[in-house]
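Note sheet for the following structure.
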Amino acid sequence: MTNMSHFEILTGDEKKFREKIKKYISEMRCLVHLLDVNIEIEQKRDIPGSDTETVRQLKARRDNLTATISDLKKMVDRPARGTRSTATIH
């Protein structure tokens, strides 16, 4: 008799799905970083009025990506359907 940890046993498809989502989250975090860099660059430019509209658009994109990352992370962290936090295999 073996006790399984709180990491539930996932079906093959669900496990693959979660791994893909984790990869997407990682890629989106890179995009958020690039947007942060672009925001900083735009804010340092000396062109009057250029930083207001461009920076506002970049910040909106960054904020949308951040919200999407948060939602995807909640989905990945949710327990698998039909599983318990601990299971016993006989």
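The values are calculated or read from the model by the stated rules, or taken from the named source; none is laboratory data. Given the structure is predicted, the values throughout are model-derived calculations rather than measurements. Counting neighbours? That spans all protein chains shown, and the Cβs are built from the backbone with ideal geometry, glycine included.
Observations
- Just so you know, in segment 39-90 the residues that are assigned to a loop (DSSP other than H, G, I, E, B) and surrounded by 11 or more Cβ atoms within 10 Å (Cβ to Cβ) include one that is modelled with the highest pLDDT, and it is Arg45.
- Residue ID - farthest from Arg78 (Cα to Cα), chosen from residues in segment 9-38 that are of a type in the set (S, T, N, Q) and either assigned to a helix (DSSP H, G or I) or at pLDDT 90 or above (or both): Asn38
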